[in-house]
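The values are calculated or read from the model by the stated rules, or taken from the named source; none is laboratory data. Source: prediction; values computed, not measured. Glycine also receives a Cβ, built like all others from the backbone with ideal geometry; neighbour counts cover every protein chain displayed. Heavy atoms of the whole protein, side chains included, go into the accessibility calculation; ligands, DNA and RNA do not. Shrake-Rupley method; radii C 1.70, N 1.55, O 1.52, S 1.80 Å.
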Amino acid sequence: MIEQTILANLQSNDTYARKVLPFLKSDYFNSLDDRYIYETIQSYVDKYNGLPTKEALRIAVSEATNLNEDRFKSINQSIDSLKAENSDIDWLVDTTEKFCQDKAIYNAVRESILVLDGEHKQLDKGSIPDLLSKALGVSFDSNIGHDFLDDFQ
């Protein structure tokens, strides 16, 4: 549910999208369709510095060569279901931040289990604390440190 709300607002709410896009990652989305839509929106914003319409998303999906017919239909149905309601921007940003924090921790724990089981090719057991500390450090707060002009006293 929250993933659909995030995607709908990324597609239609410029203020929201500009606040949260720098912090979102595709691996935060469980559904492959949602992940694909997020990556398509991110790519569009990077290229055109604006938000895609549903039609632009559909065209991008239709031009993709790596999708089978079932996945193509499923992604288009997901695009059609994107409906952003007029929600409070502060609530949306706070909810998205919590979503990102929860997903980052979940993904770090899953990756740590792979490391412990010896199934991760690049990391060893010594990297687990770093994985978890990065996940716990996910925050939308850009006011880190001191502002010497505002905090001069």
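Overview of results
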| quantity | calculated |
| --- | --- |
| Exposed-loop-free span, longest in the chain, where trypsin sites (Lys or Arg not before Pro) count as exposed if DSSP calls them loop and at most 12 other C-beta atoms lie within 10 Å | 1-82 |
| Approximate spin-label separation LYS83-ARG110, in nm, with each point projected 7 Å along Cα-to-Cβ | 2.9 |
| Non-local Lys pairs in the chain, i.e. 8 or more apart or on different chains, that have alpha carbons under 16 Å apart | 9 |
| Point-charge dipole on Cβ atoms (K/R +1, D/E -1) for the chain, about Cα centre, debye to 20 | 400 |
| Charge sum, other residues only, whose C-beta stays under 12 Å from ARG58's C-beta, Lys/Arg counted +1 and Asp/Glu -1 | -1 |
| For the chain, calculated [θ]222 nm from helices alone, where every DSSP H run of n ≥ 4 adds -39500 (n - 2.57) | -19500 deg cm²/dmol |
| nm² value of the averaged projected area, convex hull over the Cα atoms of region 36-123 | 8.5 |
| Unit charges at the beta carbon, dipole of the chain: most positive-side option, LEU67, GLN42, LEU92 | LEU67 |
| Carbon plus sulfur fraction of accessible area for the chain, probe 1.4 Å, in percent | 51 |
| Cα-Cα pairs of the chain separated by more than 26 Å (percent) | 39 |
